[in-house]
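The values are calculated or read from the model by the stated rules, or taken from the named source; none is laboratory data. This is a predicted model, so every value here is computed, not measured. When we count neighbours, we look across all protein chains shown, and the Cβ atoms used for this are built from the backbone with ideal geometry, even at glycine. Keep in mind that these areas ignore ligands, DNA and RNA; they rest on the heavy atoms of the full protein, side chains included. Shrake-Rupley method; radii C 1.70, N 1.55, O 1.52, S 1.80 Å.
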Amino acid sequence: SQKIEQNSEALNIQEGKTATLTCNYTNYSPAYLQWYRQDPGRGPVFLLLIRENEKEKRKERLKVTFDTTLKQSLFHITASQPADSATYLCALDALGGGNKLTFGTGTQLKVEL
Amino acid sequence: GAVVSQHPSWVICKSGTSVKIECRSLDFQATTMFWYRQFPKQSLMLMATSNEGSKATYEQGVEKDKFLINHASLTLSTLTVTSAHPEDSSFYICSASPGTSGRSEQFFGPGTRLTVL
């Protein structure tokens, strides 16, 4: 069956360090992968999209890699700040297309002073 | 940028009543909108795809007669939870994509917290 796995345990890091979050998937051949941020009681906010033919994408302090051989994406936040504390979700286009997304369970990140 | 609004942001209702949630794309047209449900500590689960001018497409296990979706215009989709019961209490979130090719990011509404007593 199809699975999208993110580290279910919360990730605590110190301010200024780089946070690295993992998204692994099985039984998918996604054309693209997206990362979202979700704060408590709010809807997700789009961060980055990376396509299957792209290895890496950057946006300010964010970097995403996509390895279709390993079936894995890594999401990095450099120079992390307490304001980066949130839950981060990866999402893949579901089989059948139509822009339908399937979300991972999310990883909660806490950046401490 | 692309903004999606939802109304109401929260609602409390009695068991057996119906609740309507509106989702609007404020600065773009969306031929397709999506409705998700999220239980505490869980991820978003797609309920249905709302298509302007046609019937919604429901995911497996979602009762179409219980969750009525109407996509009245290119900027408005509504979800009506009919005869709500306590197990329907959840966080309902809609999203829309301004992309016409279908492969682009989705913009989410702020969500509606439904509590059924």
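Output the residues belonging to region B:33-72 that are at the interface with chain A (Cβ under 10 Å from one of its Cβ atoms), open to solvent by 50 Å² or more (accessible area, probe 1.4 Å) and in a strand (DSSP E or B).
B:Met45, B:Thr57
Can you tell me which residue among A:Leu74, A:Leu92, A:Leu49, A:Leu21 is farther than 30 Å from B:Leu114 by Cα, at pLDDT below 95, part of a strand (DSSP E or B) and touching a strand residue (DSSP E or B) at 6+ places or on another chain (Cβ under 6 Å)?
A:Leu49
Answer yes if at least one residue in region B:78-87 is of a type in the set (Gly, Ala, Ser), more than 9 Å from chain A (Cβ to nearest Cβ) and assigned to a loop (DSSP other than H, G, I, E, B), and no otherwise.
Scanning region B:78-87 turns up at least one residue that is of a type in the set (Gly, Ala, Ser), more than 9 Å from chain A (Cβ to nearest Cβ) and assigned to a loop (DSSP other than H, G, I, E, B).
When you look at A:Thr107, is it within 11 Å of another protein chain (Cβ to nearest Cβ), within 25 Å of B:Gly1 (Cα to Cα) and open to solvent by less than 70 Å² (accessible area, probe 1.4 Å), yes or no?
On the way: within 11 Å of another protein chain (Cβ to nearest Cβ): yes; within 25 Å of B:Gly1 (Cα to Cα): no; open to solvent by less than 70 Å² (accessible area, probe 1.4 Å): yes.
Judged against the criteria, A:Thr107 is not a match.
From the residues in region A:21-46 that are in contact (Cβ under 8 Å) with a residue 40 or more places away in the chain and aliphatic (A, V, I, L, M), which one is most open to solvent (accessible area, probe 1.4 Å)?
A:Ala31
Kindly indicate whether A:Thr65 is loosely packed, with under 12 Cβ neighbours inside 10 Å and either farther than 22 Å from B:Met47 by Cα or in contact with a Cys (Cβ under 8 Å, 6 or more places away or on another chain) (or both).
No.
Checking A:Glu60 against (1) in contact with an Asp or Glu (Cβ under 8 Å, 6 or more places away or on another chain); (2) at pLDDT 95 or above; (3) open to solvent by 10 Å² or more (accessible area, probe 1.4 Å), only one condition comes out false. Which one?
(1)
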